[in-house]
Amino acid sequence: MPGTTPYAERRNRLKAQLPGGLLLLLGNEESPMNYADNPFPFRQDSTFLYFTGVDRPGFALILDLDEDHATLFGDDRSLDDIVWMGPQPGARDLADAAGIARTAPAAALKEHLCRAQASGRPVHLLPPYRPEHRMAILEALGPGAPQPSVPFIRAVAELRIRKSPAEVEEIERAVEVSVRMHLAAMAMARPGLREAEIMARVTDIALASGGGLSFPVIATVRGGVLHNQHYGNVLEGGQLFLLDAGAETAGHYAGDLSSTFPVDPRFTPRQRDVHDVVLKAFLAAEGALRPGVDFKEVHLLACRTLAAGLKDLGLMKGDVAEAVDQGAHALFFPCGLGHLMGLDVHDMENLGEGWVGHEGRPRSSQFGLKSLRLARELQEGFVLTVEPGIYFMPELTERWRSEGRFKDFIDYGALEAFAGFGGLRIEEDFLVTASGARRLGPPKPRTAAEIEAARS
């Protein structure tokens with residue numbers, strides 16, 4: 001019956017946070033690869049999915065705050081569609097499953113919005129991130145269409161950011177599959193294998209689980225490139241292999257893990273030294289997770305731990321705290337420590353990191369720190385990643401050396417011995433609990449000894 005589903009409860013909580021007008025939630029359309037009947041795999045908009053559960057293209061939702069009702073806009077499949085796709089649930093079936101009393105044809109959405117606009121009723125929008133969403137808004141509301149509504153964005157973010165027990169269970173399913181993906185990569189990597197073969201194997205595990213990938217796989221011996229999605233290299237002895245890969249469940253909740261391991265059965269002494277520095281930063285950050293702690297401070301703790309380890313290796317020098325304050329460590333760690341996770345692998349990033357991860361506060365302009373996606377006080381129910389790393393980027397190093405940057409903190413001469421090292425990161429997923437944090441999913445090898453055991 002309409003009004004009795006978890007989606008209805010979520011919509012009621014959303015409506016209670018906003019004063020009046022219409023809330024417009026646009027579902028996604030199919031996106032053709034090269035012609036209309038050959039689309040990319042469909043992925044529903046996560047916010048639309050969160051409030052409706054409707055996982056099919058071509059639908060939209062209006063929540064009328066003044067008249068207190070919801071309308072699902074969309075069309076039933078045609079007979080031609082059924083011939084090619086088989087029987088499909090109709091709009092009424094989907095609305096009933098979502099607890100929505102009213103339905104209307106897709107074409108009626110424009111008229112509904114125009115009528116509201118003509119009567120002076122506010123229409124609240126979320127930031128559009130697909131061209132078809134922008135076009136639909138322009139066609140319905142014209143050049144005077146309202147800008148994305150900050151109260152609407154913040155209300156959605158505050159509801160989605162705390163995961164329910166059912167959501168946590170779903171995320172753990174994604175993490176469990178993700179761990180199997182990483183263990184398979186550790187078991188198969190060897191000199192002479194192609195990156196593409198490992199990428200294919202981990203993708204196979206994700207698809208066979210009944211879901212898919214939460215983001216394009218990073219499977220590379222060029223780990224110094226943060227988001228390298230090229231798979232054309234052949235693995236060679238002496239290299240490190242970096243895998244950043246996660247599964248997405250059939251319900252579209254994400255896992256996100258990173259592992260770095262030697263192509264040979266064992267780490268070289270230098271590789272193990274760098275790995276142990278990253279692991280120490282990871283463990284320090286993990287131990288600091290708890291409600292009430294600002295994640296920016298957890299990030300800076302990890303940065304100081306990395307800098308101290310790099311100083312022990314002879315790559316950094318001087319006062320560690322001052323080096324991190326000035327951003328010298330970002331030569332080796334130019335990104336943030338982690339991000340929120342849920343229905344999106346970077347949860348709600350389309351709503352704007354400034355509102356979701358920073359609560360509207362301005363972001364730092366400092367290199368490295370400006371890439372921190374989460375810089376707010378942690379609360380029970382948050383799900384997030386912890387992902388410290390050390391990266392050796394020749395182009396960045398040469399630029400900083402030529403500009404004379406941070407000479408008091410970086411030993412550029414010592415860095416020459418690390419040419420070709422690549423990058424190394426460790427990433428796992430955590431739930432913030434009432435008293436601390438819990439690692440999600442089964443254990444993944446962390447220590448050098450555990451990784452070498454998995455490699456053998």
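Computed from the coordinates by the stated procedures, all read-outs in this text should not be read as laboratory data. All figures in this text were calculated on a predicted structure; none of them were measured in a lab. Cβ atoms come from the backbone with ideal geometry, glycine included; neighbour counts cover every protein chain shown.
From the residues Ala281, Val324, Ala185, which one has its Cα farthest along the dipole of the chain in the positive direction, the dipole being from +1 and -1 charges on Cβ of Lys/Arg and Asp/Glu about the Cα centre? Result: Val324, furthest along the dipole toward the positive end. Greater than 27 Å separation of Cα atoms is the criterion. Which listed pairs, Lys280/Lys407; Lys15/Lys370; Lys163/Lys444; Lys370/Lys407; Lys296/Lys317, meet it? Pairs exceeding the cut-off: Lys15/Lys370.
Within the range 8-83, list the chymotrypsin sites (Phe, Trp or Tyr not before Pro) lying in a DSSP loop whose Cβ has at most 10 other Cβ atoms in a 10 Å radius. All intermediate terms of the calculation are to be shown ahead of the outcome.
On the way: sites: Tyr35, Phe42, Phe48, Tyr50, Phe51, Phe59, Phe73; in loops: Tyr35, Phe42, Phe59.
Loop-located and lightly packed - Tyr35.
Give me the net charge for the shell around Ser456: Cβ to Cβ below 15 angstrom, other residues only, Lys and Arg +1, Asp and Glu -1.
On the way: positive: Arg190, Arg266, Arg455; negative: Asp264, Glu450, Glu452.
In short, 0.
Please compute, over every Cα-Cα pair in the chain, the percentage with a separation greater than 43 angstrom.
Values: 21787 of 103740 pairs.
So the portion of pairs separated by more than 43 Å is 21 percent.
Grouping the Cα pair distances of the range 138-271 into 5 Å bins from zero gives a pair-distance distribution of 2, 10, 17, 16, 13, 11, 9, 8, 7, 4, 2, 1, 0 percent in increasing distance order. Annotation for Asp273 and Arg194: the two label points, set 7 Å from Cα along the Cα-Cβ direction, are 3.6 nm apart. Centroid-to-centroid, using Cα positions, the range 154-194 and the range 27-50 are 22 Å apart.
Listed values for the range 294-307 are Karplus-derived 3J(HN,Hα) couplings in whole Hz (6.51 cos²θ - 1.76 cosθ + 1.60, θ = phi - 60°), namely 6, 5, 4, 5, 5, 4, 5, 4, 4, 4, 5, 5, 4, 5, and x replaces Gly and Pro. Of the residues Leu337, Gly314, Leu440, the one whose Cα sits farthest toward the positive end of the charge dipole of the range 165-455, with +1 on the Cβ of Lys and Arg and -1 on the Cβ of Asp and Glu, is Gly314.
What the Cβ-Cβ distance of Ile82 and Glu111 gives, at R0 = 30 Å and to the nearest 0.05, is a FRET efficiency of 0.65. Summarising the amide proton neighbourhood of Leu213: residues at separation of 5 or more, or on other chains, whose placed amide H is nearer than 5 Å comprise Glu248. Seen from Gly232, the other residues with C-beta closer than 9 Å to its C-beta sum to a net charge of 0, counting Lys and Arg as +1 and Asp and Glu as -1. Our coupling estimate for the range 438-447, obtained by passing each phi through the Karplus curve with A = 6.51, B = -1.76, C = 1.60 and θ = phi - 60°, is 10, 5, 8, x, x, x, 10, x, 10, 6 Hz, Gly and Pro reported as x. Axis angle, to the nearest 10 degrees, between helix 150-160 and the longest C-alpha principal axis of the chain: 70 degrees. Between 0 and 90 degrees, the angle of helix 6-15 with respect to the longest Cα principal axis of the chain falls at about 90 degrees.
Each residue of the range 274-283 was assigned a 3J(HN,Hα) from its phi angle through the Karplus expression (A = 6.51, B = -1.76, C = 1.60, θ = phi - 60°), giving 5, 4, 5, 5, 5, 4, 4, 5, 4, 5 Hz with x at Gly and Pro.
Using C-alpha pairs below 8 Å separated by at least 6 residues, the relative contact order for the chain is 15 percent. Placing unit charges on each Cβ (+1 for Lys and Arg, -1 for Asp and Glu) gives the range 6-160 a dipole about its Cα centre, and among Phe59, Val156, Pro41 the Cα reaching farthest toward its positive end belongs to Val156. Rounded to the nearest 20 debye, the dipole size of the chain about its Cα centre is 720 debye, using +1 on the Cβ of Lys and Arg and -1 on the Cβ of Asp and Glu. Taking chymotrypsin sites (Phe, Trp or Tyr not before Pro) across the range 343-394, the ones in a DSSP loop with at most 16 further Cβ atoms lying within 10 angstrom of their Cβ are Phe367. Here the range 394-456 and the range 263-310 have alpha carbon centers that stand 7 Å from each other. Electrostatic bookkeeping for Gln17 treats Lys and Arg as +1 and Asp and Glu as -1; over the other residues with beta carbon under 9 Å from its beta carbon, the sum is +2. Mean sequence separation of contacting Cα pairs (under 8 Å, at least six apart), scaled by the length of the range 252-362, corresponds to a relative contact order of 28 percent.
Shown here for the range 53-156: GluC sites (Glu not before Pro) in loop regions (DSSP other than H, G, I, E, B) with at most 11 other Cβ atoms within 10 Å, namely Glu67.
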